[in-house]
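Below you'll find the structure, written out as structure tokens, and then a few comments.
The values are calculated or read from the model by the stated rules, or taken from the named source; none is laboratory data. Everything numeric here is computed off the predicted structure, so don't read it as measured data. No Cβ is skipped: glycine too gets one built from the backbone with ideal geometry, and neighbour counts run over all protein chains shown. Just so you know, the surface numbers come from the protein's heavy atoms only, side chains and all, with ligands and any DNA or RNA stripped out. Shrake-Rupley method; radii C 1.70, N 1.55, O 1.52, S 1.80 Å.
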Amino acid sequence: MNTVFFAAKRLALASIVFGTTAAAAASLTVQVTASDSAAATDAVVYLESGAGQTLPKLGRPAQIEQKGRAFMPLVTVVQTGASISFPNNDSVRHQVYSFSPAKVFELKLYSGAGGEPLLFDKPGTVIIGCNIHDKMSAYIQVVDTPYFAKTDTTGKAVIDNLPAGKYNLKVWYRTIAPGTPIPEQAVTFAGTDAATTFSLNKK
């Protein structure tokens with residue numbers, strides 16, 4: 001009887017601790033507007049350490065599909081050290097390339113899986129294209145943080161599971177010229193759900 005009682009007590013205590021941990025996982029919602037005050041769709045929102053803390057390395061893999069003679073999605077964001085695969089699910093073959101300093105590569109004319117995923121080990125913007133179809137292009141933003149999100153059609157992005165701390169909030173948008181500093185602002189996150197706005201004003 002005592003064994004059952006203490007086992008149940010331990011289980012209840014574990015449930016309380018788990019519940020507390022789950023409740024501590026908070027999110028930051030960022031509303032991004034473009035220079036013309038319109039909602040910025042497919043903007044990359046990310047948080048870098050503002051107090052020197054070490055951020056976890058998650059490196060979740062991603063995939064950029066080729067279909068209908070287009071790259072899908074148009075914008076992809078990954079943490080430094082992540083791999084991206086480029087399956088060609090189109091009815092024609094493609095030759096994918098990038099001349100961007102953050103990742104120079106070329107996938108020769110192919111269809112299907114396209115070989116092993118590529119490692120993206122440098123932060124920065126990578127613009128990809130197809131040597132066969134000039135109108136095909138897409139963007140990859142490689143960031144040194146696991147805390148990132150992409151805005152939806154309303155210009156809203158939600159970064160989940162964010163611990164309390166001081167951060168630099170950065171927003172990349174495809175209209176930002178290569179080599180231009182990424183707009184940023186300081187943010188102090190208290191560890192509870194919060195929201196902020198970010199405007200990409202014309203310089």
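Set side by side, the residues 54, 80 differ, and just one is of a type in the set (S, T, N, Q) and more than 16 Å from residue 182 (Cβ to Cβ), which is 54. Would you tally the residues in region 90-138 being in contact with a Pro (Cβ under 9 Å, 6 or more places away or on another chain), within 20 Å of residue 43 (Cα to Cα) and either of a type in the set (Ser, Thr, Tyr) or open to solvent by 30 Å² or more (accessible area, probe 1.4 Å) (or both)? Total satisfying the criteria: 4. Whenever a residue of region 125-149 is more than 20 Å from residue 102 (Cα to Cα) and at pLDDT below 95, its partners that are in a strand (DSSP E or B) and open to solvent by less than 10 Å² (accessible area, probe 1.4 Å), lying with C-beta atoms within less than 7 angstrom and at least six residues away or across chains, give the pairs 132/94; 133/94. Scanning region 177-203 for residues that are among the aliphatic types (A, V, I, L, M) and either surrounded by fewer than 16 Cβ atoms within 10 Å (Cβ to Cβ) or farther than 17 Å from residue 48 by Cβ (or both) returns 177, 186, 190, 194, 195, 200.
Restricting the first member to region 39-62 and to residues that are over 18 Å from residue 75 (Cβ atoms) and in contact (Cβ under 8 Å) with a residue 60 or more places away in the chain, and the second to residues that are surrounded by fewer than 16 Cβ atoms within 10 Å (Cβ to Cβ) and among the aliphatic types (A, V, I, L, M), the beta-carbon pairs closer than 7 Å and six or more apart or on different chains are 50/186. Is there a residue being more than 19 Å from residue 42 (Cβ to Cβ), assigned to a strand (DSSP E or B) and of a type outside the set (D, E, K, R) anywhere in region 169-181? Scanning region 169-181, I find no residue that is more than 19 Å from residue 42 (Cβ to Cβ), assigned to a strand (DSSP E or B) and of a type outside the set (D, E, K, R), so the answer is no. Could you figure out which of (1) open to solvent by less than 30 Å² (accessible area, probe 1.4 Å); (2) farther than 25 Å from residue 145 by Cβ; (3) of a type in the set (Gly, Ala, Ser) isn't true of residue 68? It fails just one condition, (1). Taking strands (runs of 3 or more DSSP E) as the structural unit, those lying wholly within region 77-168 and holding at least 3 residues that are touching a Leu at 6+ places or on another chain (Cβ under 9 Å) correspond to 82-85, 94-100, 103-110, 137-143, 156-162.
One residue stands out in region 47-65 among those that are farther than 19 Å from residue 127 by Cβ, of a type outside the set (Gly, Ala, Ser) and crowded, with 16+ Cβ neighbours inside 10 Å: the one that is nearest to the chain's Cα centre (by Cα), namely 47.
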